[in-house]
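Novice: My questions will all concern the structure given below.
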Amino acid sequence: MNAPAPLSERDALLRRLTGLQPALRHRLRATVPADARLALQATMEEVTASQLEVLMLLQQCGSGLSMHQLAEAQSITPSSATQLVDRLVRTGLVERLREDGDRRLVRVQLSASARQGFEEMLHLHLRSLAAVTETLTDDDLRTLVDLLSRIAGPAGAEGGA
């Protein structure tokens, strides 16, 4: 029987990275108080990953987006964006606003309760990240952020530099 080929250093590092993911998730969860975690789960229980992406996008832009902008940002058709927003409106997480100058133009923005929920979630997330990274120096943290930014960069940008 043939022995498996030895792993390259890069393969070994990728396997280590894969093994670290559950531990990182556990560390992040452990820093959030149980009552806050339960409240967050209750709020976000019915939200799909696509809906969460839209909510985060709306949170980042602040003033809302047109349906066209939202569809383009999510790389989906306008009709899919409409269906997605319909579900979010029903849950009370977003609201539609008609433009005064052109009633055909609809902007979508987070509801007040969703904005407040996101602020609370952001505060908890920042607290968790601070706790998890407390052993890192500022230079280490800067390097980590730079590396993760490179990985998370736009598709096709990997080959640049």
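Throughout, read-outs are computed from the coordinates displayed, never taken from laboratory work. The structure displayed is predicted, hence computed values, not measured ones. Note that we place each Cβ from the backbone using ideal geometry, even for glycine, and neighbour counts take in every protein chain shown.
Novice: Want the number for residue 102 to residue 120: 0.36 nm per residue separation, take away the alpha-carbon distance, what's left?
Specialist: Full extension of this stretch gives 3.0 nm more.
Novice: Going by alpha carbons, how many degrees (0 to 90, nearest 10) lie between the helix axis of 49-61 and the longest principal axis of the chain?
Specialist: Taking Cα atoms only, the helix is inclined about 70 degrees.
Novice: At a Förster radius of 45 Å, what calculated FRET efficiency corresponds to the Cβ-Cβ distance of residue 143 and residue 38, to the nearest 0.05? Intermediate values should be presented prior to the final figure.
Specialist: Details: r = 35 Å, r/R0 = 0.77.
That pair, residue 143 with residue 38, gives E of 0.80.
Novice: Continuing with the same structure: Separation between the residue 16 and residue 57 pseudo-spin-labels, each 7 Å from Cα along Cα→Cβ, expressed in nm?
Specialist: Simple spin-label model gives 3.7 nm for this pair.
Novice: Suppose we look only past 21 Å in the calculated P(r) of the stretch 37-151. What percent of the Cα-Cα pairs does that tail hold? Numbers along the way, then the final one.
Specialist: Details: 3136 of 6555 pairs.
That tail contains 48 percent of the Cα-Cα pairs.
Novice: Helix 138-152: angle to the longest alpha-carbon principal axis of the chain, degrees 0 to 90, nearest 10?
Specialist: 70
Novice: For helix 34-44, report the angle its Cα long axis makes with the longest principal axis of the Cα atoms of the chain; keep it between 0 and 90° and round to the nearest 10°.
Specialist: The angle comes out at about 50 degrees.
Novice: Would you mind ranking 32, 85, 145 by Cβ crowding within 10 Å, fewest neighbours first?
Specialist: Numbers: 32 17, 85 23, 145 11.
Fewest-to-most ranking of 32, 85, 145: 145, 32, 85.
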